[in-house]
Amino acid sequence: MTKAKATAMKFDSIQYISKRHEYDDVYSYFFDKGNIQYQAGQCTHLLLGKMPLNAVVREMSFASAPSEDTIRFTMHIGSKSNFKSKIDSLKSGDNIKIFKIKGSFALPDNSNRPIVMLAGGVGMTPIRSILTQLPQDHPYNITLGQVQRGDFLFADEVNQKVSSHLQIDPSGFTSAITDIIRSNPNAIYYICGSDRFTQGALELLNQNSIDSHDIKIESFSKY
C-alpha cells in the first residue's frame, strides 16, 4: 500500500501597517497585501508569536476586498485574550503569519434573485469585503439588515452598494428581521454574526419557510 504524502502547510507573512478605531472596543488592523490572493467574503488563519511555545492562532474573515491595496481585519479587542493583546500591540513593520485561506461566503454568479444580507456587529466584516469588491453598477438587488447598538460598522462605506440599508437596534430584532423576510420570500440570505445572532436569524427564516439551500451562514463563535 502506498502512503499519501502529507502536504506541508503553507505560511505567508504579511506586514503590519496601522490600526484604526471603529467604535467602542472595535478596531481595524491594516497589513500590506503583498502577494496574498483571496476572494471577497473568505476567511483565513492568523498566527502571532513564535511557534511552538508562544504562538496563538485565530480564524478571521477578511474585512478588506481583494481589489484594495491593503488587507484589513476588524475585531473586538475588549476580551484582552492572548491573541487580541498580541495583535493590538503590533508595531509598524512587524510581520505575522497568514495561512489556510478558505470559505464560500460569496454572491451567486446569477443576479436574477434578490439578495438579503443580515449582519450582527462585526459580522459586517465579510459583508464589507463582498460589497466593496462589487462595481458601483453591479446588477444585484441587495437588502442589508444591520443589527447593532450605536454606531453601525462600515455603514458609510457600503451604503451605495445596496438597494436598501436597514439599521436595526437589537431590541427590534425579531419584528425587523421578520418584516425583511416577508418582503423578500424569494431571496438568497446571507447571515453573519455571533452564534446567538445567526441562530436567531435562522429560526426566523425557518419559521417563514425559507429553503435551507437559500441560506448561507458565517458564524463568529470561533472568533
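The values are calculated or read from the model by the stated rules, or taken from the named source; none is laboratory data. All of these numbers come straight from a predicted model, not from anything done at the bench. Every residue, glycine among them, receives a Cβ derived from its backbone with ideal geometry; neighbour counts consider all protein chains shown.
A compact table of results
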| read-out | value |
| --- | --- |
| Criterion: more than 13 Å from Glu22 (Cβ to Cβ) and surrounded by 20 or more Cβ atoms within 10 Å (Cβ to Cβ) - qualifying residue of Ile101, Ile142 | Ile142 |
| Asp137 vs. criteria in contact (Cβ under 8 Å) with a residue 12 or more places away in the chain, farther than 22 Å from Arg72 by Cα and acidic (Asp, Glu) | no |
| Filter pass, Ile96 being β-branched (Val, Ile, Thr), within 27 Å of Val56 (Cα to Cα) and surrounded by fewer than 23 Cβ atoms within 10 Å (Cβ to Cβ) | yes |
| Which listed residue, of Asp109, Asp94, is over 19 Å from Leu202 (Cβ atoms), more than 13 Å from the chain's Cα centre (by Cα) and free of Cβ contacts under 8 Å to residues at least 12 places away in the same chain | Asp109 |
| Subset of the range 70-88 [surrounded by fewer than 17 Cβ atoms within 10 Å (Cβ to Cβ) and modelled with pLDDT of 95 or more] | Thr70, Asp88 |
| Members of the range 151-176 found to be part of a helix (DSSP H, G or I), more than 25 Å from Gly103 (Cα to Cα) and not polar (S, T, N, Q), listed by number | Asp156, Pro170, Gly172, Phe173, Ala176 |
| Where a residue in the range 36-47 is touching a residue at least 40 places away in the same chain (Cβ under 8 Å) and closer than 11 Å to Glu59 by Cβ and its partner, wherever it lies, is of a type in the set (Val, Ile, Thr) and not in a strand (DSSP E or B), with Cβ under 8 Å and at least six apart | Leu46/Ile87 |
| Any hit, the range 20-33, residues being in a loop (DSSP other than H, G, I, E, B), of a type in the set (A, V, I, L, M, F, W, C) and in contact with a Phe, Trp or Tyr (Cβ under 9 Å, 6 or more places away or on another chain) | no |
| Leading residue by the ranking (farthest from Asp211 (Cα to Cα)) among those in the range 177-195 that are of a type outside the set (Val, Ile, Thr) and crowded, with 19+ Cβ neighbours inside 10 Å | Gly193 |
| Scan of the range 146-162 for residues that are exposed (fewer than 13 other Cβ atoms within 10 Å of the Cβ), free of Cβ contacts under 8 Å to residues at least 24 places away in the same chain and within 17 Å of Leu131 (Cα to Cα), ordered by number | Asp156, Asn159 |
| Hits in the range 114-139 - residues which are outside any loop (DSSP other than H, G, I, E, B) and of a type in the set (S, T, N, Q) | Thr125, Ser129, Thr132, Gln133 |
| Residue match in the range 18-39 (condition: surrounded by fewer than 14 Cβ atoms within 10 Å (Cβ to Cβ), among the aromatic types (Phe, Trp, Tyr), outside the structural domain of Pro135 (by TED's automatic domain parsing) and out of contact with any Lys or Arg (no Cβ under 8 Å at 6 or more places or on another chain)) | yes |
